[in-house]
1. Which one is most open to solvent (accessible area, probe 1.4 Å), of the residues in segment 84-97 that are among the aliphatic types (A, V, I, L, M) and within 19 Å of Arg17 (Cα to Cα)?
2. Could you identify the single residue in Leu154, Leu130 that is surrounded by 13 or more Cβ atoms within 10 Å (Cβ to Cβ), modelled with pLDDT under 90 and aliphatic (A, V, I, L, M)?
3. Of the residues in segment 53-82, how many are under 19 Å from the mean Cα position of the chain (by Cα) and open to solvent by less than 60 Å² (accessible area, probe 1.4 Å)?
4. For segment 1-47, enumerate the residues that are among the charged types (D, E, K, R) and either closer than 23 Å to Val161 by Cβ or not in a helix (DSSP H, G or I) (or both).
5. Check Val109, Val83, Val77 and return the single one that is assigned to a helix (DSSP H, G or I), touching a Leu at 6+ places or on another chain (Cβ under 7 Å) and without any contact (Cβ under 8 Å) to a residue 40 or more places away in the chain.
6. Considering (1) surrounded by 13 or more Cβ atoms within 10 Å (Cβ to Cβ); (2) part of a helix (DSSP H, G or I), say which one Trp100 fails and leave the rest.
7. Quick one: Gly30 ticks every box in (1) open to solvent by 20 Å² or more (accessible area, probe 1.4 Å); (2) of a type outside the set (Ser, Thr, Tyr); (3) at pLDDT 90 or above except a single one, so which number is it?
8. Any idea which of Leu60, Leu53, Leu48, Leu2 is without any contact (Cβ under 8 Å) to a residue 12 or more places away in the chain and among the aliphatic types (A, V, I, L, M)?
Amino acid sequence: MLIAWVGLASTGILMARYYKPQWSSSKLCGEKVWFAVHRTLMISVVLLNIIALLLILAELNWTWSLQVAHPIIGIIVIGLAFVQPIMAFFRPHPDGKNRWIFNWAHWFVGTSAHILSAPAIFLGMRTPRLYLPDYALYIMIAFVVWHVFIDIILEIYQCYVNYSKKKNRPEEYPMGIQKDVPAPPPDNRGHFLRQVIIVLYVIVTAGLLTAMVVITAKYPN
C-alpha cells in the first residue's frame, strides 16, 4: 500500500494534473507521454492494491473485521481505486458533450482515494499487528507536507504560465481577417522548470518511501 499510494499514485496524479502540455511533440507507446505514464502508474496502483488485499486476507486467515477505522477506510480506498479504470474504459470521446461529467467524476474519485489513503496509512501504522515507532509517522507526515508543497508550487506556477501566455498573446485581426503568416511555434514556456520539479519530487518521494518500507519490514509483530 505504501508503494502504491505514496509512490505511484502521488506521481501519477501530478502527471495528469500538471504535465499534459509537457513533451507535447513526443510519444510513449503511441500515446502522449503524460497519459502513458499516468495510465501505467495508476494501473500499477490497482494491481498492487489487489495483491496487498490478498496478502492481508491471507494473514488474517481470510477473515475481516470492520470494528476499527483502518479496514473501513482501506476498503473505501480500494473500492475507489477499482472504480477508476472502469470509468476510464467507458469514458466518452474527448469532444463528446458528456466528457465534462467523466472529467469531474474521474477527478473526484481519484482525489478522494488519494486523500483517504493518507489516514488509512497512518492508522495502519498503529495497528496492533504492526505498530511502527513514532519516527515512521513523522516520515509519513513529511511526505504529506512535501506532496502538498509540490502541488501548491505547481499550481501557482501553472497559473503564472497561463497568465503569461494570455498576456503575451498577439491581438487577433479585426473582422476575422486572416493574414498569410506562418503558424507560431509551440509554446514551451515553463517546461524545463516543471521537469526539474517532477524529477526532484520523485527523488525525495523515493527516499521517504524507501525509509518507510524499510521501517515497516523491520517492525512486524
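1. Quick first cut of segment 84-97, residues among the aliphatic types (A, V, I, L, M) only: 86-88.
Within this subset, residues satisfying the condition of being within 19 Å of Arg17 (Cα to Cα) are 87-88.
Working: Met87: 46, Ala88: 25 Å².
Selected residue: Met87.
2. Working: Leu154 fails: modelled with pLDDT under 90.
None of the others qualify; the one that does is Leu130.
3. 7
4. Step one: filter segment 1-47 for residues among the charged types (D, E, K, R), giving 17, 20, 27, 31-32, 39.
Across segment 1-47, the qualifying residues are Arg17, Lys20, Lys27, Glu31, Lys32.
5. On the way: Val83 fails: touching a Leu at 6+ places or on another chain (Cβ under 7 Å); Val77 fails: without any contact (Cβ under 8 Å) to a residue 40 or more places away in the chain.
Of Val109, Val83, Val77, the one residue that is assigned to a helix (DSSP H, G or I), touching a Leu at 6+ places or on another chain (Cβ under 7 Å) and without any contact (Cβ under 8 Å) to a residue 40 or more places away in the chain is Val109.
6. Here Trp100 meets the rest and fails (1).
7. The one condition Gly30 does not meet is (3).
8. Details: Leu53 fails: without any contact (Cβ under 8 Å) to a residue 12 or more places away in the chain; Leu48 fails: without any contact (Cβ under 8 Å) to a residue 12 or more places away in the chain; Leu2 fails: without any contact (Cβ under 8 Å) to a residue 12 or more places away in the chain.
Checking each option against the conditions leaves just Leu60.
The values are calculated or read from the model by the stated rules, or taken from the named source; none is laboratory data. Not measured: the values here are computed from a predicted model. Here the Cβ is made from the backbone with ideal geometry for all residues, glycine too, and neighbour counts use every protein chain on show. Remember, those area values only see protein heavy atoms, side chains included, never the ligands or the DNA or RNA. Shrake-Rupley method; radii C 1.70, N 1.55, O 1.52, S 1.80 Å.
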